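Participant: I am attaching a structure below and will ask some questions about it afterwards.
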Amino acid sequence: TAQELQINIDPDIDRLVKNWVWQNRVNPGIDGWRLQLMSTTDRTKVEAGKTQFLNLFPTIPADWVHEKPYYKLRVGAFHTRQDALAFLPKLGDYYPGAYPARDPSIHPRDFLE
């Protein structure tokens with residue numbers, strides 16, 4: 001015999017879930033850490049730095065952000081500051097001044113495993 005199951009969802013809970021789904025589609029970012037390699041007021045320098053980095057490390061995500069008046073080159077994607085610090089030696093002598101920087105909106109696909 002066929003059985004029927006009826007689920008009654010509280011409208012407030014339904015609204016919260018729908019809002020949560022919408023927010024995650026609009027901004028899929030996750031709070032995490034990146035390694036900051038450079039900061040400059042010259043956009044062309046940071047773009048050249050990104051190209052140079054990707055030539056050296058093609059599998060590591062790299063991008064720059066503009067926080068007026070600075071352009072900042074940030075690479076990698078880590079869940080914790082400790083993970084970011086553990087990755088620093090892999091950059092070798094190429095970027096001796098690199099340091100961890102918090103990033104509140106890292107796309108999940110960018111996280112390094």
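The values are calculated or read from the model by the stated rules, or taken from the named source; none is laboratory data. Since this is a predicted model, take the numbers as computed values, not measurements. All Cβ positions, glycine included, derive from the backbone under ideal geometry; neighbour counts span all protein chains shown. Ligands, DNA and RNA are excluded from the accessible area calculation, which covers all protein heavy atoms including side chains. Shrake-Rupley method; radii C 1.70, N 1.55, O 1.52, S 1.80 Å.
Participant: Return, for the Cα atoms of the range 20-82, the radius of gyration and Dmax in Å, separated by a comma.
Facilitator: 13.6, 39
Participant: Under a Cβ-Cβ cut-off of 9 Å, what is the net charge of the residues other than Gly32 that fall near it, where Lys and Arg count +1 and Asp and Glu count -1?
Facilitator: -2
Participant: Related question: Would you mind getting the accessible area per residue of the chain, heavy atoms of the protein chains only, 1.4 Å probe, in Å²?
Facilitator: 74 Å²
Participant: While we're here: Just how large is the dipole of the range 33-75 about the Cα centre, in debye to the nearest 20, putting +1 at every Lys and Arg Cβ and -1 at every Asp and Glu Cβ?
Facilitator: 80 debye
Participant: Hey, any idea what % of the chain's accessible area is carbon plus sulfur with a 1.4 Å probe?
Facilitator: Whole-percent figure for carbon plus sulfur exposure: 53.
Participant: Choose one of Tyr94, Gly29, Pro58: the residue whose Cα lies farthest towards the positive end of the charge dipole of the chain (beta-carbon charges +1 Lys, Arg; -1 Asp, Glu; about the Cα centre).
Facilitator: My answer, from the dipole projection, is Tyr94.
Participant: Okay, moving on. Compute the helix-to-body angle for 11-26: its Cα long axis versus the longest principal axis of the chain, expressed 0 to 90° and rounded to tens.
Facilitator: 30 degrees
Participant: Here's something else I'd like to know. Let me check the size of the chain from its C-alpha atoms; what are the radius of gyration and Dmax in Å?
Facilitator: Gyration radius and largest Cα-Cα distance of the chain: 20.3, 73 Å.
Participant: Now for a different question. Rank by packing, highest mean first: peptides 70-82, 95-107, with packing defined as the count of other Cβ atoms within 10 Å averaged across residues.
Facilitator: In decreasing order of mean packing, 70-82, 95-107 become 70-82, 95-107.
Participant: Let me ask something additional. Evaluate the charge dipole of the chain about its Cα centre and quote only its size in Debye, nearest 20, assuming +1 on the Cβ of each Lys and Arg and -1 on the Cβ of each Asp and Glu.
Facilitator: 500 debye
Participant: Can you list the aspartates and glutamates whose alpha carbon is less than 12 Å from that of Lys50, not counting same-chain residues fewer than 8 positions off?
Facilitator: Those aspartates and glutamates meeting the cut-off are Asp63.
Participant: Among 54-67, 3-16, 33-46, how do they line up from the highest to the lowest mean number of other beta-carbon atoms within 10 Å?
Facilitator: Put in order of decreasing packing, that is 33-46, 54-67, 3-16.
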